[in-house]
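Chemist: Here it is, the structure, as structure tokens.
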Amino acid sequence: MTTRLLTLIIKEFKAIWKDPRSRMIVTIMPIIQLIVFANAVTMEVKNIDMLVLDNSRSYYSRELISHFANSPWFNSVAVVDTPEQLKQSIDIQKASLALEIPPDFAVSIKNKTGASVQLITDGRQTNSASIIGSYATQIIQSYAKELSGSEPRLEIVTRNWFNVNLDYKYYSLVSLMAMLSMVIVLLLTSLSIAREKEVGTFDQLIVSPLSSTEILIGKAVPAQLLAWLLTMVMLAISVHFFDFPLVGSLAVFLAADFVALLALVGVGLFISSLCRTQQQAILGVFTFQMPAVLLSGFISPIDNMPVILQYLTYINPLRFFLVIAKGVLLKNMDMYHVLINLIPLALIAVLTLSIAGWTFKSKLE
């Protein structure tokens, strides 16, 4: 049995390497995506284009505008003459933020009666609008403090325990490693059996001395090992080229990654057993991939989701692996909290592999 299984595993490795698409999936694609997405995938808002309707035309209004112009968040700050210009620019998305300064702005400041301004953000992108509004509020509050000349009685000092400089790249790198390894293992496993059916060698595999369990193991092991090794390569690139702070246990992270990939192997084999062509398998992968990413907590916090979707995340292996990966790599998470997330991950792996095995056997019969 061992010899037959080893022969099938070696055969699968050769099939993956000889296939140009599979070779591209394993080598070039994930590395390029990691490098590109690490610099492109961010929830920070920068290079904001801003418009100002200055009805005051005073020293104080020009000072306020200069505070926005000198901010690192804003790319350009242009002054318009009419409310219609302001509205039109927001409508065509020429600007993300607009500031209207009233005619009595300077008089109100001199009389110390309290001046008011109007901020207008483009609400079509709610998350960006909220962040931009927060930036603008900070700038206005800073200018108001300069005018009053008084320091606040209570000084708040913020200290970030993890990711001290609030570099968003660290957060995105961990998530990208998890998602790219997920895509790789899903594609390799889903294409494996579908490829055999498409080229006509699946019937030969069935009549061989191999049992259905041995066939599944032979198909799963190469994809599992390749995706696992790829995760190590992406982690090495993150540490050496992006200065990623590896503060936790590498062994714990790799063990959790191995279990997470096992769960995804089961999903890939399940998809592959249902599909007759590689094109169908690829569509099946994308059908699973998008909900898995959305329900993982990467895009939005799980606590903010509807209750029914929160329960649905408990069968999503990416949810638990992201918690472990971020906790171990960035915070040196203790073993108790690692196990709290690793045990559900192992149960999901058992479930997906069992379903894949049952589906594959039923298709053979």
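Chemist: With (1) farther than 18 Å from residue 316 by Cβ; (2) without any contact (Cβ under 8 Å) to a residue 40 or more places away in the chain as the list, and residue 287 as the residue in question, which single condition is left unmet?
Modeler: Exception for residue 287: condition (1).
Chemist: Looking at 115, 98, 106, 78, which one is assigned to a helix (DSSP H, G or I) and either over 25 Å from residue 147 (Cβ atoms) or not basic (Lys, Arg) (or both)?
Modeler: Working: 115 fails: assigned to a helix (DSSP H, G or I); 98 fails: assigned to a helix (DSSP H, G or I); 78 fails: assigned to a helix (DSSP H, G or I).
Just a single option satisfies the conditions, and that option is 106.
Yes/no per residue for (1) among the acidic types (Asp, Glu); (2) open to solvent by less than 70 Å² (accessible area, probe 1.4 Å); (3) part of a loop (DSSP other than H, G, I, E, B); (4) at pLDDT below 85:
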position	(1), (2), (3), (4)
158	no, no, yes, yes
216	no, yes, no, yes
226	no, yes, no, no
238	no, yes, no, no
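Chemist: Testing residue 258 on (1) under 23 Å from the mean Cα position of the chain (by Cα); (2) open to solvent by less than 60 Å² (accessible area, probe 1.4 Å); (3) closer than 16 Å to residue 181 by Cα; (4) not β-branched (Val, Ile, Thr), one condition comes back false. Which one is that?
Modeler: Only one criterion is unmet by residue 258, namely (2).
Table: residues versus (1) open to solvent by less than 70 Å² (accessible area, probe 1.4 Å); (2) among the small types (Gly, Ala, Ser); (3) modelled with pLDDT of 90 or more; (4) closer than 22 Å to residue 220 by Cβ.
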{"residue": "273", "(1), (2), (3), (4)": "yes, yes, no, yes"}
{"residue": "285", "(1), (2), (3), (4)": "yes, no, no, yes"}
{"residue": "292", "(1), (2), (3), (4)": "yes, yes, no, yes"}
{"residue": "295", "(1), (2), (3), (4)": "yes, no, no, no"}
{"residue": "303", "(1), (2), (3), (4)": "no, no, no, no"}
{"residue": "306", "(1), (2), (3), (4)": "no, no, no, no"}
{"residue": "309", "(1), (2), (3), (4)": "yes, no, no, no"}
{"residue": "316", "(1), (2), (3), (4)": "yes, no, yes, yes"}
{"residue": "321", "(1), (2), (3), (4)": "yes, no, yes, yes"}
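The values are calculated or read from the model by the stated rules, or taken from the named source; none is laboratory data. No experiment lies behind these values; they were computed from the predicted model shown. When we count neighbours, we look across all protein chains shown, and the Cβ atoms used for this are built from the backbone with ideal geometry, even at glycine. These accessible areas exclude ligands, DNA and RNA; they are computed on the full protein's heavy atoms, side chains included. Shrake-Rupley method; radii C 1.70, N 1.55, O 1.52, S 1.80 Å.
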